[in-house]
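A short reminder: the numbers here are calculations on the coordinates, not readings from a lab. Quick caveat: nothing in here was measured; it's all calculated off a predicted structure. Please note: Cβ atoms are built from the backbone with ideal geometry, for glycine as well, and neighbour counts cover all protein chains shown.
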Amino acid sequence: MHYKIYIFTFLTFILLVSCSTTVNKSYEKEISIAEKKEILVQKKILINEMAKASVRIHEISWPILLSNREKCKNNKKKSYGSLFADVNDLPKEDKKIFLTLFNSNIDPRYFYKYQVDSFPIILSVAKDSPAHHAGLLKNDIILEINETNTQKFRKKLLFVLESEKNLKFKILRGKKEIKVNMTGIKSCSYNVQVLPSGSPNAFADGEKVFITMAAIKLAQTKDELAFLIGHELAHNILHYKNFDASEANLLAIDYLDKPKIRQIKSIIVWSNEKREIEADIEGIHLAFKAGFSLENVNDYWRRLSVFNPELIKKSVNVYKSNAYRAALINKTLKKLKDKANE
């Protein structure tokens, strides 16, 4: 009798385990499908946010780079004041997302006509830039660059910036194909980019400036961002002193691009307190010369101290405190304004 009970219990256990396994496999499959869909949703949000933040940064950085071009006399490359997004700025797995976000309104016949599977798009045109004067507009689709298709777009763009007199685009605006011819100008064309990070910070690496997404969202005015950009540009100009930057490498939606060691000699350009003070002073000069009043620029440090009270009196080893930086900025700004009013 007992053996029948044991058999019944054993079979019941096997049945339950079997059902549980079946349920788990089915459940996991549903979760996996939902996860893949959620990945697409979150990546679309990420790339969209990168594009929006990059446009904001581009509008602020262009006048600073242009107004201070004498600081970059070794720059041999031309600038046009345009910000682009290209499918190759993203990992291959994100190609469909790029097409959805930036190429979805293009008539499929254009892809066949120009023998490409995507088109670069203009995200931003800086005020008073060659691109602006030539009539380029945000959201223009680039069909051709210097009478060739847009395959390897950034490589072709770099060649033009280094070697050609003019940059020529055929663009699609609505249903019209328009030819645009631009003559480049010299600027201090370091790349100023967005870095997706939850920490309010900024970095320079000798070629690029990175402003984190958290810093962009923490800043509430153009003046605050102008100072952050000016500070990091000052590091590139004063401390790295090498120049190989180009608008062709200004990547608006590349969420994987990060600060790098560009040259071996850059390893010795470690930040220290003296260099940070120099960058604060020079950064104020760079932004002020570009027309930013910087009236309430210290609100950024005050806001940052709300999240990090320990920074009010003492910062990390390479920085002075937030209070010191605010006082230094005020003093420098007062001198600049007094001189301008003489």
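Here are a few things to note about the model shown:
- Mean Cβ neighbour count within 10 Å, used as a protection proxy, ranking 48-59, 151-162 highest first: 48-59, 151-162
- Nonlocal amide H pairs with residue 144, under 5 Å, H built at 1.01 Å: 170
- Taking packing as the residue-averaged number of other Cβ atoms within 10 angstrom, the listed peptides 247-255, 322-330 run from highest to lowest as 247-255, 322-330.
- Of all lysines in the structure, those lying under 19 Å Cα to Cα from residue 138, and not within fewer than 8 positions of it along the same chain, are 52, 127, 168, 170, 175, 176, 179.
- Checking the cross-link pairs 73/152; 113/186; 71/274 against a 31 Å limit on the alpha carbon distance flags 113/186 as lying beyond it.
- For region 80-183, the Cα-based Rg and Dmax, in that order, read 13.0, 37 Å.
- Tensor-based shape of the chain (alpha-carbon gyration tensor, a/c under 1.5 rounded, otherwise prolate or oblate): oblate
- Taken as entire DSSP H runs, the helices of the chain that both span 30 Å or more between Cα atoms along their own long axis and average 0.0 or more on the Kyte-Doolittle scale are 2-67.
- The listed peptides 74-83, 35-44, 224-233, ordered by packing as a protection proxy, come out as 224-233, 74-83, 35-44 (highest mean of other Cβ atoms within 10 Å first).
- Listed by chain and number, the aspartates and glutamates whose C-alpha is less than 18 Å from the C-alpha of residue 76, apart from same-chain residues fewer than 8 away, are 162, 164, 207, 244, 247.
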